[in-house]
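Read through the structure below, which is laid out as structure tokens, and then see the notes.
Laboratory data are not the source of any read-out in this text; all were calculated from the coordinates shown. Everything numeric here is computed off the predicted structure, so don't read it as measured data. In this analysis, Cβ positions are derived from the backbone assuming ideal geometry, glycine residues included, and neighbour counts consider all displayed protein chains.
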Amino acid sequence: MSLARSRNALQKPDCLGGQLMTVRRALWLGLAALIILVSARDAGAGPPTDQLKGAIDRVVATLDSPALKGEGKVLERRTAVRKIANEIFDFGEIARRSLGRYWQPLSEPQRAEFVGLFGDLLERSYISKIELYGGEKIVYSGERVDADLATVSTRIMTKNGTEVPVDYRLFKRSDRWMIYDVSVEGISLVSNYRTQFNKIIQTNGYNGLVEKMKTKQTEFAEEEAQKKKVKN
């Protein structure tokens, strides 16, 4: 499926309902940049780009693995990709920044619960979208490093000649660069989620947001259980 067709396919309610529809497109495009088979490297690329490229290579190897091909291997394939995503995306930092001012008042148990729910929903909602890859290519167009922060700029080149800019924002944790935000066509994943979370909390309170997330988590679990039954 091509990127253009995928855009139309994603015009559906998001992981928490229609309120997050725009985020579905943004994160899918961001994750799509992790599975491009052919990429052009910037000659001055440094460690942040190198680590991002390493993740791309591993995802590609996973998707190309004969042992993980076919409809019957969907869950195993997505689990393998999810493991790689956990090594390059800092879901805890994404969750904290996305919740914004509502993060500070939370207790440690509440924070741990939110990070777990948010990370799980992101993974379950979007990891499957990498299978919509339709031959687009990615060009690494630049890298900016400022102490422990970095931005890796890329462009997804679609088959019809359209360029989609995707910027990855990373921070250095120990010896690794971790993604804490993805910007697609100037739309920040974190800012988008923060806006949507604010609306939900203002209407239903923080507990209302958590309940929505738990409900969706249950739905995802039931869907996966059903797929396992079909497989067996």
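Where the centre of each part is set by its Cα atoms, how far does the stretch 101-121 sit from the stretch 162-232, in angstrom?
Each part's Cα centre sits 13 Å from the other's.
Add +1 for every Lys or Arg and -1 for every Asp or Glu among the other residues with Cβ under 14 Å from the Cβ of T218, and state the total.
Details: positive: R124, K212, K214, K216; negative: D120, E211, E219, E222, E223, E224.
Local net charge: -2.
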